[in-house]
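The values are calculated or read from the model by the stated rules, or taken from the named source; none is laboratory data. Keep in mind that this is a model prediction, so the values were computed, not measured. Cβ placement follows ideal geometry from the backbone for every residue including glycine, while neighbour counts extend to all protein chains displayed. Heavy atoms of the whole protein, side chains included, go into the accessibility calculation; ligands, DNA and RNA do not. Shrake-Rupley method; radii C 1.70, N 1.55, O 1.52, S 1.80 Å.
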Amino acid sequence: MAKPQSSKQEAAARLIAENRRARFDYFIEDRYEAGLALQGWEVKAMRAGKAQLTEAYVYLRSGEAFLFGAHITPLPQASSHVPVDPTRTRKLLLHRNELQRLIGSVERRGYTLVPLELYWKHGRAKLQLGLAKGKKQHDKRATEKERDWERDKARLLRGR
């Protein structure tokens, strides 16, 4: 009989890729979940964990959202009759009211859309988007200082 997985193991198993740099460079104010329009070889490559979000960003054009710059490395046994483009632009699937809200925030209030995580949910690939404001250099230093202090505080409390 199979042993049930803990929630941490389940979360790690469903995570495909994470954009850690986004949390350092931006203040994430709101999060949205979007589906992706993918090709078959991309799904197989993502199941093998061959996706990266480090250079990716989201842009809005003519009332639609697109993921640009995400890199999905094709598997060696990918079909030869389909042209493979690892960094092709992929359409994001969002509800109309979510798109309208995002368009308003990005165009009027100066926010940007940042891809945060790529994961599986009920067998479908999902992308977590962050509605974000860019951090200045002094904000980044303050965040780093705070993180260091939390680490030192935890170390001091453990040493007692």
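Out of these labelled values of Rg and Dmax of the Cα atoms in Å, (i) 14.2, 44; (ii) 15.9, 52; (iii) 18.6, 64, which was calculated from the coordinates shown here? Matching the structure shown: (iii).
Per residue, the chain exposes an accessible area of 68 Å² to a 1.4 Å probe, with every protein chain left in place. Between Lys153 and His81, the distance separating the two model label sites (each 7 Å from Cα on the Cα→Cβ line) works out to 6.1 nm. I need the calculated FRET efficiency for the pair Thr143 and Arg14, taking r as the beta carbon distance and R₀ as 25 Å, to the nearest 0.05. So, using R0 = 25 Å, E works out to roughly 0.35. Counting only aspartates and glutamates at least 8 places from Lys153 when in the same chain, those with an alpha carbon closer than 16 Å to its own are Glu144.
Charge dipole (Cα centre; +1 on Lys/Arg Cβ, -1 on Asp/Glu Cβ; no other charges) of the chain amounts to roughly 480 debye. A helix-only calculation puts the chain at -11500 deg cm²/dmol for mean residue ellipticity at 222 nm, using -39500 (n - 2.57) for each DSSP H run of at least four residues, averaged over all residues. With a simple spin-label model that places each label point 7 Å from the Cα along the Cα-to-Cβ direction, the separation between Arg108 and Thr73 comes to 4.4 nm.
Ranked by the mean number of other Cβ atoms within 10 Å per residue, highest first, peptides 124-130, 19-25 order as 124-130, 19-25. In order along the stretch 98-111, phi translates into HN-Hα couplings of 5, 4, 4, 5, 5, 4, x, 5, 6, 7, 9, 9, x, 7 Hz, rounded to whole numbers, per the Karplus curve 6.51 cos²θ - 1.76 cosθ + 1.60 with θ = phi - 60° and x for Gly and Pro.
For Lys50, the lysines whose Cα falls under 23 Å of its own Cα, not counting residues fewer than eight places away in the same chain, are Lys8, Lys91, Lys121, Lys126.
Here the chain exposes an accessible surface that is 49 percent carbon and sulfur, computed with a 1.4 Å probe and the other protein chains kept in place. Report the calculated FRET efficiency for Lys121 and Ser62 (r = Cβ-Cβ distance, R0 = 30 Å), to the nearest 0.05. E between Lys121 and Ser62, to the nearest 0.05, is 0.65.
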